[in-house]
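Have a look at the structure below before the remarks.
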Amino acid sequence: MAPPAAGLPAYPAVVRKETPEEHAARLQWFREARFGMFIHWGVYAVAAGSWRGRPSGAEWIMNTAKIPVAQYRALARDFTAAKYDPAAWAQLAADAGVKYIVITAKHHEGFALFPSAYSDWNAAQASGAKRDLLQPLADAARARGIRFGCYYSQSQDWVNLGGGKGNTTPWDDEQRKGSFDEYLAKISLPQVREILEKYHPDILWWDTEYQMTPERAKPFFDLACSYPNLLINSRLGGGVLGDFRTSEQRIPASAMLGRALEVNMTINGSWGYNANDTNWKSSRQLIRNLSDIASKDGNYLLNVGPTAEGVIPQPEVDRLLAMGRWLKTNGPAIYATQGSPFAKPLPWGRATQKSRPDGRATLYLHVWDWPADGKILLPGIHQAALSGRLLAGGAAVSSTVTGDGLDVTLPGAAPDADVSVAALEFERPIQILNPASLPSDTGASGTLADPGGATPPK
């Protein structure tokens, strides 16, 4: 993966023809989900981050190590998926509190995890796996009430004829052959059609938009629009806005002003399996990322990178299960919530809210830094709360309206070492009456995004 490069042409915005009500109904499940699992799996997992004894990246290793096409194709025989257990993957997602899965049906290496009539460079024909790897996961996820999505790299393909001319300078004579437009018409677009017809994904996750002019993007967009419930992200190119904005490895400073947001991030520093990368983010970091993203009305798409045998690394499993344990208690503050009523992050943590049909509202206070005196301020809120409680244990939380806002008194010690949540109930929607009293931006959202430093492109 990689964010669109600076300097890409700005094309007129293209959106699906639908009413605002139709658009809202199509996105409702996505806006309520808040938490998804990304899976980067392909032949790059065989290399496991090294080429000829040298660390060379993960899912981009063919590019970064300049591996010739013939040598790279030979790796596929060791892509066995011998320990792949789609039911276990789906159960892990369920135990983590994940509401949807997105898996790399085809990454930039051009290798498809599904049988394809348009390229033999796929799991069923070219690899040691010798089978379709998507359908079992789609079935297992849906059996657990988890939505299923497919990632597809439409404009980069370093193996298939004509595809190696997107964001790269070809390093192999094979990649110089063929026409990019013929690749789009004869491989890329037909494979997208196969994915939609075979697996009926809830999300089609494009990546990347290099060289995707409006003319090149239109057949892909028209095909997506022929599926009335399908969601697409913002990386098709050619001016297509998509149904939600994609932010890679960075949590924006604020919400997207009405646009749905999804922040996709890694647990270590790599998307694909990389045996050399042990820079694991802590479960606290991941839980606080989820809290921060939800407060900005966004979804958190958190990645795992399985081995060539199909094993999700244990450190990733452990962290996902820790998030699931936190969500069992604090899920009401994440799922089906709206972003914070405060324009900026609060010095003690974050907030989300939930509106109710009777006009009442719940404000969830995600307390990262538990105050020694038990008191926090909600600046600009001048309406009394009907009641308050901690989600963990249910202890009462009191509050008083003052000139600066709502003073909240928390009971005892923090019930959770990572993020403790208090819920305040209000008779009417929450209003901020004195925005000038809001605290300055702490900058926490920027430092949260990737404390390990720059991440190689996806």
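Each value in this text was obtained by applying a stated rule to the coordinates, not by laboratory testing. The structure displayed is predicted, hence computed values, not measured ones. Please note: Cβ atoms are built from the backbone with ideal geometry, for glycine as well, and neighbour counts cover all protein chains shown.
Please compute, over every Cα-Cα pair in the stretch 8-121, the percentage with a separation greater than 19 angstrom.
Details: 4086 of 6441 pairs.
It works out to 63 percent of all Cα pairs.
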| query | At what distance in nm do the modelled label points of Glu427 and Ser50 sit from each other, each positioned 7 Å from its Cα along Cα→Cβ? | reply | 6.8
| remark: Expressed to two decimals, the chain has a Cα Rg over Rh, using the Kirkwood radius, of 1.00
| request: Could you calculate the FRET efficiency of Asp373 with Glu32 from 1/(1 + (r/R0)^6), where r is the beta carbon distance between them and R0 is 56 Å, rounded to 0.05? | output: 0.95
| query | In angstroms, what radius of gyration and Dmax does the stretch 314-432 have, counting Cα atoms only? | reply | 14.4, 51
| Just from its helices, what would the mean residue ellipticity at 222 nm be for the chain, if runs of 4 or more DSSP H residues each count -39500 (n - 2.57) and the sum is divided by every residue, rounded to the nearest 500 deg cm²/dmol? | -7000 deg cm²/dmol
| If each of Asp407 and His200 carries a label point 7 Å out from its Cα toward its Cβ, how far apart are those two points in nm? | 5.8
| field | Net lengthening on full extension, Ser387/Val14 (0.36 nm per residue, minus Cα-Cα) | value | 129.7 nm
| task | Per residue of the stretch 173-184, in order, report the coupling 6.51 cos²θ - 1.76 cosθ + 1.60 (Karplus, θ = phi - 60°) as ³J(HN,Hα) in whole Hz, putting x for Gly and Pro. | result | 4, 4, 6, 8, 7, x, 9, 4, 5, 5, 4, 4
| query | In the structure displayed, which of Lys218/Lys354; Lys17/Lys344; Lys218/Lys281; Lys198/Lys218 lie more than 29 Å apart, Cα to Cα? | reply | Lys218/Lys354; Lys17/Lys344; Lys218/Lys281
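Stick to Cα atoms and the Kirkwood definition of Rh, then tell me Rg/Rh for the stretch 304-359. Numbers along the way, then the final one.
Values: Rg = 16.7 Å, Rh = 14.3 Å.
My calculation of the ratio gives 1.17.
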| query | Helix 86-96 versus the longest principal axis of the chain: what angle, 0 to 90°, nearest 10, using Cα atoms? | reply | 20
| query | Exactly which trypsin sites (Lys or Arg not before Pro) in the stretch 336-392 are in a DSSP loop and have at most 14 other Cβ atoms within 10 Å? | reply | Arg360
| note | The Cα extents of the stretch 187-308 along the principal axes, largest first and rounded to whole Å, are 43, 40, 27
| aspartates and glutamates whose Cα lies under 19 Å from that of Lys186, excluding same-chain neighbours fewer than 8 positions away | Glu109, Asp120, Asp157, Glu174, Glu194, Glu197, Asp207, Glu209, Glu215, Asp222
| request: For the stretch 1-109, run through the trypsin sites (Lys or Arg not before Pro) and keep only the ones in DSSP coil with at most 11 other Cβ atoms within 10 Å of their Cβ. | output: Lys17, Arg52
| request: Evaluate E = 1/(1 + (r/R0)^6) for Ala82 and Lys344, where r is the Cβ-Cβ distance and R0 equals 35 Å; express this FRET efficiency to the nearest 0.05. | output: 0.10
| query | Whose amide H sits under 5 Å from the amide H of Phe38, counting only residues 5 or more places off or on another chain, with H placed in the peptide plane? | reply | Val102, Leu302, Asn303, Val304
| request: Find how much the distance from Asn279 to Ala417 grows on full extension, using 0.36 nm per residue of separation minus their present alpha carbon separation; answer in nm with one decimal. | output: 47.5 nm
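Length gain on complete extension for the stretch Ala70 to Ala336, per 0.36 nm per residue less the alpha carbon to alpha carbon distance?
Numbers: separation 266, 0.36 × 266 = 95.76 nm, distance 4.83 nm.
Between Ala70 and Ala336, full extension yields an extra 90.9 nm.
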| said: Can you give me the angle between helix 214-225 and the longest principal axis of the chain, using Cα atoms only, in degrees from 0 to 90, rounded to the nearest 10? | reply: 70
| query | With contacts defined as alpha carbon pairs under 8 Å and 6 or more residues apart, what's the relative contact order of the chain in percent? | reply | 17
| request: Compute the longest continuous run of the chain that contains no exposed GluC sites (Glu not before Pro); treat a site as exposed when its DSSP state is not H, G, I, E or B and it has at most 14 other Cβ atoms within 10 Å. | output: 19-426
